[in-house]
1. Between the alpha-carbon centers of the range A:659-705 and the range A:127-196, tell me the distance in whole angstrom.
2. List the chymotrypsin sites (Phe, Trp or Tyr not before Pro) within the range B:110-149 that fall in a DSSP loop (any state other than H, G, I, E or B) and whose Cβ has at most 13 other Cβ atoms within 10 Å.
3. In the range A:613-708, which GluC sites (Glu not before Pro) are in a loop and have at most 13 other Cβ atoms within 10 Å, using DSSP for the loop call?
4. Give the separation of the Cα centroids, the range A:374-439 to the range A:325-358, in Å.
5. What list of ³J(HN,Hα) values in whole Hz, one per residue of the range A:365-380 in order, does the Karplus curve 6.51 cos²θ - 1.76 cosθ + 1.60 (θ = phi - 60°) give from phi, with Gly and Pro shown as x?
6. Would you kindly compute the Cα radius of gyration of the range C:3-76 and its largest Cα-Cα separation (Dmax), both in Å?
7. Give me the net charge for the shell around A:Ser330: Cβ to Cβ below 14 angstrom, other residues only, Lys and Arg +1, Asp and Glu -1.
8. If I compute solvent accessible area with a 1.4 Å probe over the protein chains, what percent of it on chain C is carbon and sulfur?
Amino acid sequence: MPKDGGIGASTKRREDVRFLTGNGHYTDDINLRGQAYVHFLRSDVAHGRLNKVDTSAAEAMPGVLRVFTGADFAEIGGLPCGWLVTDRFGQPMQEPKHPVLAHGKVRHVGDPIAAIVAETREQARDAAEAIVLDIEELPAVVDMKAALAEGATKVHDDLTSNLCYDWGFVEENKGAVDEAFQKAAHVTTLELVNNRLIANPMEPRVAVGDYNRSTGDHTLYTTSQNPHVIRLLMGAFVLGIPEHKLRVVAPDVGGGFGSKIYHYAEEAFCTFAAKALNRPVKWTSSRSEAFMSDAHGRDHVTKIELALDAENNFTAIRTETHANMGAYLSTFAPSIPTWLHGTLMAGNYKTPLIYVNVKAVFTNTVPVDAYRGAGRPEATFQIERVIDKAARELGVDPIALRRQNFITEFPYATPVAVEYDTGDYHATMDKLEEIADLKGFAARRKESEAKGRLRGLGVNCYIEACGIAPSNLVGQLGARAGLYESATVRVNATGGITVMTGSHSHGQGHETSFAQVISEMIGIDADQVEIVHGDTANSPMGMGTYGSRSLAVGGSAMVRATEKIINKARKIAAHLMEAAEGDIELKDGRFSVAGTDKSVAWGDVTLAAYVPHNYPLADLEPGLEETAFYDPSNFTYPSGAYACEVEVDPETGRVTIERFSAADDFGNIVNPMIVTGQVHGGIAQGVGQALLEGCAYDENGQLLTGSFMDYAMPRADDLPFLAVDHSCQTPCTHNPLGVKGCGEAGAIGSPPAVVNAVVDALRSAGRDITHIDMPLTPARVWAAMQG
Amino acid sequence: MYAFEIDRPNTLADAVKALGAEEAQALGGGQTLIPALKQRLASPARLVALSGVAEIKGICTGDDGALCIGGGTTHADVAAGAGAYPALAALAANIGDPAVRNRGTIGGSLANNDPSACYPAAVLGSGATVVTTNRQIAADDFFEGMFTTTLEDGEIITEVRFPVPEAASYQKFEQPASRFALVGVFVARFADGVRVAVTGASEEGVFRWSEAEAALSKDFAPAALEGLSLSGDGMISDLHGSGDYRAHLVAVMTRRAVAAAG
Amino acid sequence: MPEVSMTVNGKPAKGQIEGRTLLVDFLRDTLGLTGTHVGCDTSQCGACVVHVDGRAVKACTMFAAEAEGAEIRTIEGMAEPDGTLHPIQAAFREHHGLQCGFCTPGMVMSAAALLAENPTPTEAEVRDYLEGNICRCTGYHNIVKAILAASGQDVSRIAAE
C-alpha cells in the first residue's frame, strides 16, 4: 500500500499551485520603486587589448545615469575562486584575477566591458552603442592543446602560461599503474571528447540591487542556488560589505543545473551600483546574453586506457584529460575536473590501480564550471565507453564483462581516495535487464530492420559521489568553504512549524519533501509544516543546493534540529504529565506515558513552551526553536544501470531514442514521485548531451552556438516515455535518513548508454565504427558512416 | 529594439500609403522580423502591420483551378484550409511550432526568403505566381538568393496562386536546433512535367534541381533518381552539416518525396 | 504614446505603449500579470505563450499594438475565480508535470490550445504540438502524461511516477 503522507509517499507538491496559476515569484517579477536598468556592453572579440573605452558620448545620452567601466572596479576585488587545486609538483594552481568589468584586456566573447545604467532598458542599450572602443585584437586561444604549446598567446599576461594546473591522481600510484599496463594481457584505448554544454535553465539570470541609505543595508535579489554563498563571496571578497549589512534573496528560481551556483559579475555590479547611484538597479539577462555569460559545462578532451588480464579482469586505468577552464576561474571550476572527476574513475569496478592526469587550460572562451553531474558524467562516460570497446575487442558480452568486474563488498575503498558505503550493482543490473526487456531486443531489432532502420542497444552502469560534502575532507582537497548544511526548526505556539533551511529549491520540491520528513518524525500533518528558504535574512548560514546534496545534507540538518525539538518537547510533556522523561513516547503527534492512558497532544506541549505557566522553568528555557548544522562524514554513492535503444536512419544518420530504461539505487526515498521526476530530467539532459547539445567556437573564439537557433535543446519529440525504477535500495549508512542524492544521476548515467547504442546500431550494419564524439548529430553519424 | 512607430491599417490601400513613408517596413506575422528587431539587426522608423488587412487573408480557388492564398494568411490557416492541395497544407502544418503558425504568414515568409524556410520550396516547386500590389511575378523570377527577392520597396504580397499538381510531397529534414529545414525538397508532378525545388541547402537560396526534374518527368518513381547527385560545392556548410551532407540529403529527401507523392 | 485596449482574462485592460512594446511586456509590466514568462529572444522556448482570440501565440513575438481589441487569455485566467484549478492545471499537479515552474505557464497554455483543437491527441501528437515549448526540468515525460490525462485518456499504463 502506498503511503498517503510522510516518508515514502508520493505527496503532490504544494509549490505547484502557485506555479500553475501564474503566481510564482521569480526575480524578474521583482520591481522596486525608482529602479534603474543596467545594460552590459560585452566584448564581441574573443581576445583583445582594451586600449580605450570612451564613454563620454554615452554619458550624455537621454536617460543615462552613469556609465561604469573596469576602471571603476580596478581597486576592488575580483570575483573569487572557491577552490585551490595543488598540482602534481605540490604547487598551487595559477589563479588570475577575474575583474567585475574587463580591465586592460577582454578575454572572451561576452566579457563585460562597460555597464550603462539608465532610466529604461532601451535607453541603456542605446547608450551602449555610443561607447567608443579601441580594442587591439589579439590572436584567440581556443584549442586546448594549442594553448599549451610553446610560444602560445597567453590569455593572462601575468601568468607563466595558459596552464592552470597539471594534476596527477594518485600521483604515488603512477609507477605501479604504468607497470600494470606493461603486464596487461589486453589494453583498450579510447580518445574522446566530453562536449561543452550550456546549462540553459529556462529562467535567464536576473539581479536587482538595492541600497537603504537610512540603515546602510544592501539587498541583492538574484537567481541563485545558494544565496548565503553569494553573500559571503560578494560581501567579503568583492565589495567589502560585512555580511550583517548584506541580504541576499533568491526567491523562486527557474532551474539552475549548476549554472546558478556561481557568483557572477552582474550580481556584484547591481549591488555596487545601487549604492553608487542610490537607486535600485536591475539587470535581466536575455537568452542571447546568457549563452555568453552563464558558466558553461564539461569540455574535456580525454585519452583513457584500460588494462585487463588474461581472464578479463580490469587491472588498471590510466587517463590523460585536458579540461577547459575558459578565460577565468569560475567559482568552483578547478574542483570539477579534479576532485569531482578523478575520484570517480573507479566506477562500479574493482580496478586496483588508477592514475588520472588532468591539465586545466585557460582559453578565450566563457568560463567553464559545474553543470548537472559536474565531473562525474565525464568520468562515467570514459569508463563506460572504454569498457564497451574492450568487450567488443575481446568478443565478450558487455554486460557480462561489467558484472565480472563489479565491486561486490561494501564498504569499499577505491584506489582513488573514496569509500563507497553501500551498493548492489548486480541488483540494479538485474532490475535493468527486467524493466528494459533486454531479452526482447533481438525481436525489436528485426522489426526496425524491416523498416529500413538500424537498431542498437547500449547499456552502462554508473556510480557517483554526491551529497557534497565532508568539510574536513574537501578542506584538505582545496575547498575554501565548508560544505555542511543548516536548518532552524521553529515550532510556533499553536503547533505549526516553520523550517528555515540553507538548502535552496529551484525545482526540486523541497517545500513538499522536507515537510514530509518532519511530518513523519512528529506525526503531524505535513500542512502544519512550512519550509522557508532562499533568504539570508531568515535562514541560518547554509551552503545551498548543488551536488545532489539537499536531502542528504540539508535534510539531515533538519532531522538533527527536529530531534532536538522532540527531545525538548518530550521534557515538557513529562512535566505536564508529571511522568519520567524516559517513559514519554511520541506517536502520531501525541506524547503519552508508556503503559498508561495519559497523553498530551503536540499542540498542548508547544503552547506550554510559549505560555510557560505550568513549565519547568528552573530546568528548561521556554520556547521551542532549534538550529542544527550537519556536516556529512562521507559522500553518498547512488548507483545504477541504464539501457538505451536507438534507431538510426542509415540514409540520413538521424538517431531516435526508442526506449530508455533506468534502474537506480538511491537508498531510502522520501517522495518517489519527485525522485522519478529528477531522473526524467537528468536523462533528458544526458540524452541532450549525447545527441543534440554542443557548444561550439570557431578558431577566432566566436561562439557559433549563440542561441536556441543553433544550440539544440531537447524537445518533447526528442524523447520517448522513460522507464525509471528505484526499487533497489541500499540505504546510505552515514546520514540519518539513509538517503542518497538523486538530482544528477540521470545526467551522469545516460550519455554512455546512448552512444553505446548508436555504435551498436552502426556495427549491426557492418560498419567498423568504435566511437563517435558527442553530440551524435545526424551530420556526424552520417559522416562516420562514410568512413 | 530601436524605437519605431507602428501603423495598423485595415485596408490594402492604407497599407500601401503607409509604406510610402520614409524608412517604413511591412510587418507580416513578425515571427522572423521581431526576433531580428530584438537583436537590433533592423531599424525601421515605422512598421506597417498587415495583420489588420482582411482583404489579403483567406483561401479560395481561382477560375483556372489554382489555389489562391492571401498573402496575410497564417500558416495555421493554410494548414487547415488548403485541403485542395494536401502537400501544401502539410508543409504549412509543419512550419515552426503551433504558436508560430498562428502568427506567421505566407507573404511574410516569402518576402523574407530565408534560405531555410519551407514556403519558397512550395512556391518554386509548384510554379506558383506571386501577386503583389504592383504586378504578378512567376516563381522562377521571384527568388534572388538568400534573403533577397524581386520585391520592390513598398510592394506587398497580396496573394499566391498555386497551380494544383496531380501529385506532390514536401519532405523536410530538420536542423536539430532551429527546426528550420536543413534540407527541404518539394516535388510536384504536373501533366506537363515534374518540378523539384530545394530549400535549406544552397548558398543561393531555394533552387530547382533540373536533372531530377528531367528524370522524374520521364518516370515518376524513386528509381528514376538513381545515379543522380548534386555537388556539395555551393551548398551551405555549417555546424549542422557540411555541403556534402546537404547535397546527399537533397537526394534522399527527393527520393522520399517522390515515394510519398506516389 | 499611443494607447492600446484589449480584454485580458475577461476584463477590459488598457495602457500606454510604444510601437516596440511587446505583448508580453504589456502583460507583465503594465498589467502586472507576471505569470507569463520570457525565456528566450528567438521565439523558441514558449514560456510566453498566451491565447490571442483563442489561439496560442508567443507573447514575446507580437506587438502589444497588434492586440488592440483582442481577447487575451493568460495563465492567470485559467483557474476558476474560487481557485479551482483548470483540468489541465490539475493534471500537471497530479502527474508532477512541472518542477521549477518557469516554462509551466506556456506549457499549460499550449496544452489548452492543443486540447481545444484536438480533444484526444495521441502521445505523438502531444509531443509534436509541444515543439515550441522547451522544458529543461522534466524530460517532458510527466508533461505529456499530464496532457494525455487531462484529455480524459487512461495514463495508468504509462511508466510510473
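The values are calculated or read from the model by the stated rules, or taken from the named source; none is laboratory data. In this text the structure is predicted, and so the values were computed from the model without any measurement. Reconstructed Cβ throughout: ideal geometry from the backbone, glycine too, with neighbour counts over all protein chains shown. In case anyone asks, the SASA skips ligands and DNA or RNA and just uses the protein heavy atoms, side chains included. Shrake-Rupley method; radii C 1.70, N 1.55, O 1.52, S 1.80 Å.
1. The range A:659-705 and the range A:127-196 have Cα centres spaced 26 Å from each other.
2. Passing both the DSSP loop test and the Cβ count: B:Phe147.
3. Working: sites: A:Glu625, A:Glu626, A:Glu645, A:Glu647, A:Glu651, A:Glu658, A:Glu693, A:Glu699; in loops: A:Glu651, A:Glu693, A:Glu699.
Passing sites in the range A:613-708 are A:Glu699.
4. 18
5. 9, 4, x, 10, 8, 5, 9, 2, x, 6, x, 6, x, 5, 5, 4
6. Radius of gyration, then largest Cα-Cα span, for the range C:3-76: 10.8, 30 Å.
7. 0
8. 48
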